[in-house]
1. Once you've got the GNM for the chain with C-alpha springs shorter than 10 Å, pick whichever of 86, 11, 120 has the biggest mean-square fluctuation.
2. What's the lysine pair count for the range 3-121 at a Cα cut-off below 25 Å, pairs eight or more apart or interchain?
3. Under a plain spin-label model, where a point goes 7 Å from the Cα along Cα-to-Cβ, how far apart in nm are residue 27 and residue 81?
4. Can you sort 28, 7 by how many other beta carbons sit within 10 Å, fewest first?
5. Which value in deg cm²/dmol, rounded to the nearest 500, describes the helix-derived mean residue ellipticity at 222 nm for the chain, given -39,500 (n - 2.57) per DSSP H run of n ≥ 4 and division by the residue count?
Amino acid sequence: MSENELTQAIIGAAIEVYRRLGPGLLETVYRCCLAYELRKRGFKLVEKKPVALDYDLHDPCAFRADLLVNELVVVEPKAKAAIHAIDKAEALSRLRLMKLSVGLLSSFHEARLVDGFHRIVNKYQGPKVTE
């Protein structure tokens, strides 16, 4: 499955979660339900994936990626009215540190969930996985 096909499938799963729950809940609720929906659809998933940062041979856990799908796409569900530039910068940093190309930010507090999706692209050109 290509990254584009995978991101479309992730968006479909998020739309299902939004359709059933609607806006106004906590971010953790959306993350847990989206994780469940993705697993139900057969995707490999890691929740709260530690993202290491190499700093002078010290390896602190700098970030945690909310969801890592099929080891290819980072998904960051948000429960806020709007995605801000700092959210995009943090997502791009996670992608860069994880050497991944694509991430999705989603705001579950939009009137239409599709309006709350933001695709974040890192210029990393790693191996492509197809199944």
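Since every read-out is calculated from the coordinates, none of them should be taken as a lab result. Values in this document were obtained by computation on a predicted structure and should not be read as measured data. Using ideal geometry, Cβ is built from the backbone for each residue, glycine included, and neighbour counts are taken over all protein chains shown.
1. It is 86.
2. The number of close lysine pairs in the range 3-121 is 18.
3. Placing both labels 7 Å along Cα→Cβ, they lie 1.7 nm apart.
4. Numbers: 28 11, 7 19.
Taking fewest neighbouring Cβ atoms as first place, the list is 28, 7.
5. Values: 3 runs with 47 residues, N = 131.
Theoretical 222 nm ellipticity from helices: -12000 deg cm²/dmol.
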